[in-house]
Amino acid sequence: NIQVCSRLALAFGMLFRLVQYFSNRSLWLDETLLVLNLQSRNYGQLLEALDYNQAAPPLFLWIEKFAIENLGDNEYSLRLYPLIGGLLSLFVFYRFTKSYADGWVRPIAIFLFSALEYIAYYSSEVKPYSWDITLCLLLFMCIRAIARIQPSLRKLSVAAVLGVMSIWLSFPSVLIMAGLEATNLIKLKLWRISRQEWLTLLSRRLPLYAAWLLSFGGLYIVSIQKTLTGTGLETVWANRYPANVFDLLWLLDAFGQFFYHPLGFLSPADGIALIVFVVGWVYLYRAHKWRLADLSSPFAITNLASYLQQYPFRNRLILFITPYALVILAEGIALLIRRCFQKKTKGKGFAKFIRILGFVLALALLIQPTVVAVPRIVRPQLNHFDHVRPAIAYIHTHWQPGDKLYVSPAIRRQFRAYQPRFSFPAEDVILADVENFGSRSLSEGALQRLSQHIDQLRKGPLKDKKREWFFFARNPPADEAQIHQQLDKTVGKPTEIVRYPNAVVSLRDLSQ
């Protein structure tokens, strides 16, 4: 039963997101950088350019600030609003597929939306991406409902209010408004309508456009302009744009990467997904051209923004596009499955092989998200990485007067975000600053610089100290082993060592 399968897929998505939220993993670096801004600023200051190259919509920041002040400075309160957005997106997408997916395409699309790792993950990260999906879907359905010369005032009012609010909650909502409304106007074939119809259209739509533009203009003055001039994001994003309008290789590369991140298919499934997506696109072009036009509009407008150097078509910044891609992909999966069970007479042997191959590829795209999601539901700790909070808690529990704590360069800011919860004496904490000591891989000479830094500290702050805690995280296992071998040589063997996902704590006796 299609309806039952759709609801089961919806329930699976809810379970996946709730388990991930309640597993309560530590804040990772990118979340921490935003949280440090929330901790140190008041509501007015959050409208200024944020520190650490961060950017987020003002209303999102205010909601998160309110959560910290009223629910506590912890992961549950910080991630509650993203979780609500993630759960709500499931129900909105469920409703969305009623209009854009027929038959078995619908439960397939809902299942993919529920199970794909990245889409679920951002439902419990202190970032606005889960709400990007939700608000853009809501806007999409509202704007689609006004695709006529004289839409009702009620529908126009809903589109106006939702659009004005969404602009302050979700940066890419502007792209959905522009892309889908442009598609609406093309559908109306404005070059054929009468003068009276033009007057009717303008009288209805100009107030809507004015409301949207005023809201966006206010956001640009209050937030976006300051972000672009007061952070290094323009520099960070520079290599994510095409070199020029003729840079088709960039377009092919961006489109190919989309299926890995943010869509979430691991290699080689990402390549299979691209092929099946094209199958679904061709089918919709033949059978439902205007439906395809609607679903393709977010891709078209976001790519246009990238070619204009205004919005990067990369990774999590385009998570809001994933629902529309999944409907097209689900069309391709459903088509390949249907074709496998159709009886053909011409070219029987080769045609049968092609149909079976298509079925296998379609099945692979349903299996891969399942084998990733199910273990993470059964064992929530698989969701954990950069799990620094329990490591800091362990040090705090076993802290003795006179102890010192050495925090590696890679996690200085994460430690600062957690410092208010544990209140280590500031004079006893060394937030290391070792040049080119990377968190992803050790650069040449990094271990030597680490040893030199610790030797200098033993002549100063660590002189005559007995116990020193060393806290490292975000290092690959091989690099972690090298770091601790170097510490063994420089400081001495650890008296105890405790490991957490991507984090390790060692206690060493400096009197040896």
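The values are calculated or read from the model by the stated rules, or taken from the named source; none is laboratory data. Keep in mind that what you see is a predicted model, and the values were worked out from it rather than measured. All Cβ positions, glycine included, derive from the backbone under ideal geometry; neighbour counts span all protein chains shown. For the accessible areas, the whole protein counts, side chains as well, though only heavy atoms, and no ligand, DNA or RNA atoms are used. Shrake-Rupley method; radii C 1.70, N 1.55, O 1.52, S 1.80 Å.
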Potential extension, ASN239-ALA364 segment - 0.36 nm per residue separation minus Cα distance: 41.7 nm
For the range 325-334, Karplus couplings with θ = phi - 60° (6.51, -1.76, 1.60), whole Hz, Gly/Pro x: 5, 5, 5, 5, 4, 4, 4, x, 4, 4
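How high is the relative contact order of the range 1-79, in percent, counting Cα pairs under 8 Å that sit 6 or more residues apart?
29 percent
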Over what distance in Å are the Cα centres of the range 1-66 and the range 79-100 separated? 14 Å
Of the accessible area of the chain, computed with a 1.4 Å probe and all protein chains kept, carbon and sulfur make up a percent value of 61 percent
Projected convex hull area of the chain, Cα atoms, direction-averaged, in nm², equals 29.1 nm²
Scalar couplings 3J(HN,Hα) for the range 135-144 by Karplus 6.51 cos²θ - 1.76 cosθ + 1.60 (θ = phi - 60°), nearest whole Hz, x for Gly and Pro, are 5, 5, 5, 4, 4, 4, 5, 5, 6, 4
Hey, rough spin-label estimate for ILE149 and ARG458, points 7 angstrom out along Cα→Cβ, what's it come to in nanometres? 8.6 nm
Inverse of mean 1/r across different Cα pairs in the range 166-239, Kirkwood, Å: 14.7 Å
Taking a probe of 1.4 angstrom, what is the accessible area of GLU69 in Å², to the nearest 10? 110 Å²
Tell me, what are the semi-axes, in whole angstrom and largest first, of the equivalent ellipsoid of the range 364-512 as set by the roots of 5 times the Cα gyration tensor eigenvalues? 31, 18, 13
Report the label-to-label distance for LEU18 and VAL222 in nanometres (one decimal), using points 7 Å from each Cα along the Cα→Cβ vector. 3.5 nm
Calculated from backbone phi, Karplus (6.51, -1.76, 1.60) coupling profile of the range 377-382 in Hz, x at Gly/Pro: 7, 6, 10, x, 5, 5
In whole percent, what relative contact order does the chain give with Cα contacts below 8 Å and a gap of six or more residues? 17 percent
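How long are the semi-axes of the ellipsoid equivalent to the range 437-477, from square roots of 5 times the Cα gyration tensor eigenvalues, in whole Å, largest first?
Sorted largest first and rounded, they come to 23, 13, 6 Å.
Once you have a ≥ b ≥ c as the square roots of the Cα gyration tensor eigenvalues for the range 29-172, tell me rounded if a/c is under 1.5, and otherwise prolate or oblate according to whether a/b is larger than b/c.
It is oblate, given that a/c is not under 1.5 and a/b is not larger than b/c.
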Tell me, how many Å apart are the Cα centres for the range 357-413 and for the range 461-512? 21 Å
Order the following by accessible area, largest value first: LEU450, LEU228. Probe radius 1.4 Å; ligands, DNA and RNA are ignored. LEU228, LEU450
For SER157 and ARG449, compute 0.36 nm times the residue count separating them, minus their Cα-Cα distance, and round to one decimal in nm. 98.9 nm
Could you compute how fast the range 409-484 diffuses translationally, taking Rh as the Kirkwood radius over C-alpha pairs and applying Stokes-Einstein at 25 °C with viscosity 0.890 mPa s? Give it in µm² per second. 181 µm²/s
Restricting to the range 383-512, what percent of DSSP beta bridges are antiparallel, rounded to 5? 65 percent
